[in-house]
Amino acid sequence: MQILAIVVSLAVTLVAVALFGKTIGHIVSVIKLGQPAGRTDNPGKRTVTLAKETLGHTRMLQWSHIGVMHWFVAFGFIGLFLTLVTAFGQLFDPHWALPIIGHWFVFEWVSEALTWTGLVSIIGLMAIRLRHLPKGSEGRYSRFYGSTSWQAYYVEYTILGVLICIALLRGLEYQLGAVSNSGGDKFHFPMTYFIGSGLFGGLSEHGLENAVYLVAMIKILISFAWMITISLNATMGVAWHRFTAWPNIWFKRRADGGTALGALQPIMVNGAPIDFENIEELDEDAALGVGKVEDFTWKGLLDFTTCTECGRCQSQCPAWNTDKPLSPKLIMMGLREHAYAKAPYLLASDDDTRKSLPELVLAEQDKPLVGPADVAVIDEEALWACTSCGACVQQCPVDIEHVDAIMDMRRYQVLIESSFPSELNGLFKGLENKGNPWNMNPSGRMDWAKDLPFQVKQVGTDVESLDEVEYLFWVGCAGAFEDRAKKTTQAVAELLNIAGVTFAVLGDGETCTGDPARRSGNEFVFQQLAMQNAEVFKETGVRKVVSTCAHCFNTLKNEYSQLGVELDVIHHTQLLNRLVRDGKLTPVAPADSSLNGQTITYHDPCYLGRHNQVYDAPRELLDIIPGAQYAEMPRNQTKSFCCGAGGARMWMEEKLGTRINLNRTTEAVETGADKIATGCPFCRVMLSDGLTAKQADGSARESVEVQDVAQLLLASVKRGE
Ligand code: SF4
Ligand code: SF4
């Protein structure tokens, strides 16, 4: 038995280690095919982030009970590695223990505790997977829909098998010590002695020794069969993430631990931001965006490699949940399969080698990256369905940066292929010719202020520079031209006036921030608009800005620094909340108040919440309105559901699946709310349209209204006048 166990174990181990080393080399060479990405700034902060996210499992714990179980399984994998070393020793001497620590009670107790917590946890995780398997007509909404099931089962059964072997070996060690009078002290086997006495109590010393050889061999075989299997499947993210998640987290976009949301990165060529003013100096073959898988950065390729197929991103994606073909998980998996299938072509040293490659590789090389679903790697309908809401990035436990990948592919489609939904032509025309998506005459940018009972100061007309006032009030295109959003603009102006906050606006000197251009892939138009605004900001000395639009807020706050303009940007809900706390605005509740006894719910705009972590200010404002009560929607804050307008989807038709705005409005109406509050003009439009549709079919009360938080506050403050 002993000889057989030694020969088989060592042979399988040698094969496994050789294959494993070869596959690691292959994975590294595929990742190196990507473009430069930097990501080595602030190594200290990056290391702290990595430590927090692994030791504290901070991202996994967004799904708390699963996070706890995963912690025990992950740390069992690391902490129980030495039991594998022990198993090799036991093949040669069944009494063998690690030198120094092998019989140290702390090591023994920790090992046994990790074994049992690991066992309970892996059984729990397996049960959760089984309970949530895609089934029947609702199968699509399982987060595991589209994941490679056999790989997940295989990994789970491997862990289960290894942990059972560890528990059995510990029991055998106890019993062998007891029978041979060389140990067998329950103090050293507090959680496994009963296995030894219960299961193996009838065996002789020789029988126990053979049992040790057998179980040690099985443990080694399970472990190294796993290593062989993953070596033969470089795209098996559910297994490889154990190794790739570490660098993927360390090299994430933000060294401070934040998610890859907020700012979009400029188009990078050779690791440097592209200079659109000198675009003719670019190499002919420089890619504007991503048109081939090797145009992604190496971090992008590492992202695809790392995807565990857990489906958290898919479960939160508004596009997927309204029956569109976009799943961020399936995008990652599709790009990974393609990258690894095409890699032999890209890695081939010369044309002769390339020509001799198998047909499958050559076919992969010929595949367009984006196009119709039946020919391309990424279905163009999926690419354009993204609202850039960031739910996927927020959820991903291994810090995959889906939105960057999607936006880079859109950029190539727009700038190089001129292939995009035809409705975007109107958007681009309006932005290029009139500086706003609605193609309205810029002279109408001050119309919203005409009926106000006080004068709104305009820079250049009423004030020379912004040094004369506290804030630039950034009105935004929606706030200036869209009738419902104009009411928010007026409400904020009134509230600032009541609170005695001085502000001025740019009037027709304001142009679109460029957000819809950038999110629809038209980086060229974004740069034009942003540079135009940057010039105005520099001329007028802008520093402090208040914005009512979550998209403008995000772009001005996070993206204009890429053009050398540093602004101190605040969202109107944050400023108003501060003014209320400082006693400059006082909400009151007279007996006949329209808000008295009414219920308010709040929809988190993605670009305020997930992209900028502003969750509390609007809630605190609504909470303080006397007489009204607050009801939270089930999907809120980091898990909020998009209204459907982001990512320039506001200007595209929603032809596939069900409507995102209806999905969200239904949730809002089901809270029983009389008022649906929000803090973004685009959310307001989408929710209002959803509400109108629901009121028309009788599924929402006629009295329900969508309003901005500022309007609700103004109504309450004005009652006190
Ligand atoms: S950003 Fe939002 S819509 Fe786009 S893939 Fe991620 S979750 Fe889906
Ligand atoms: S991208 Fe992240 S959240 Fe989505 S399936 Fe992969 S690992 Fe899970």
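Overview of results
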read-out	value
R0 of 22 Å, Cβ-Cβ distance Lys186-Val68: FRET efficiency to nearest 0.05	0.15
Distant-in-sequence amide H partners of Val542 (H built 1.01 Å from N, under 5 Å)	none
Net lengthening on full extension, Glu702/Asp41 (0.36 nm per residue, minus Cα-Cα)	232.5 nm
Using alpha-carbon coordinates, inclination of helix 424-434 to the longest axis of the chain, degrees	50 degrees
Whole-Hz ³J(HN,Hα) from phi, Karplus 6.51 cos²θ - 1.76 cosθ + 1.60, for region 405-416, glycine and proline x	5, 5, 5, 5, 5, 4, 4, 5, 4, 7, 7, 9
Under 5 Å, built H, 5+ apart or other chain: amide partners of Ala348	none
Residue-by-residue Karplus 3J(HN,Hα) for region 99-113, coefficients 6.51, -1.76, 1.60, Hz, glycine and proline x	x, 6, 8, x, 10, 7, 4, 4, 4, 5, 5, 4, 4, 5, 5
Computed FRET value (nearest 0.05) for Ser197 with Ala225, which takes r as the C-beta separation and R₀ as 22 Å	0.10
Spin-label pair Asp483/Glu281, simplified geometry with 7 Å Cα→Cβ offset, distance in nm	5.0 nm
Amide H partners (placed H, <5 Å) of Asp708, local residues excluded	Thr678
Candidate lysines for bridging to Lys655, where Cα separation is under 23 Å - those fewer than 8 sequence places away on the same chain excluded	Lys324, Lys329, Lys429, Lys694
Positive-end extreme of charge dipole, the chain - chosen from Leu529, Val501, Ile228 (charges on Cβ)	Ile228
Using θ = phi - 60° and Karplus 6.51 cos²θ - 1.76 cosθ + 1.60, couplings along region 189-204 (whole Hz; Gly, Pro as x)	10, x, 10, 9, 4, 5, 5, x, 6, x, 8, 10, x, x, 8, 6
Theoretical gain in end-to-end length, Asp462 to Ser204 [0.36 nm per residue, Cα-Cα removed]	82.9 nm
On Cα atoms only, tilt of 572-581 relative to the major axis of the chain in degrees	80 degrees
Farthest toward positive dipole pole in region 256-416 [+1 Lys/Arg, -1 Asp/Glu at C-beta], among Pro368, Cys310, His402	Cys310
Label-point separation, Ala18 to Gln455 (7 Å along Cα→Cβ), nm	8.8 nm
When each of Lys32/Lys299; Lys22/Lys219; Lys434/Lys538; Lys487/Lys675; Lys457/Lys486 is checked by Cα-Cα distance, pairs over 19 Å	Lys22/Lys219; Lys434/Lys538
Stretchable slack from Trp104 to Glu138, in nm (0.36 nm times residue separation minus alpha-carbon distance)	7.0 nm
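No value in this document is a laboratory result; all are computed from the given coordinates. What you see is a predicted model; the values in this text were computed from it and never measured. Cβ sites come from the backbone with ideal geometry, for glycine too, and all protein chains shown count toward neighbours.
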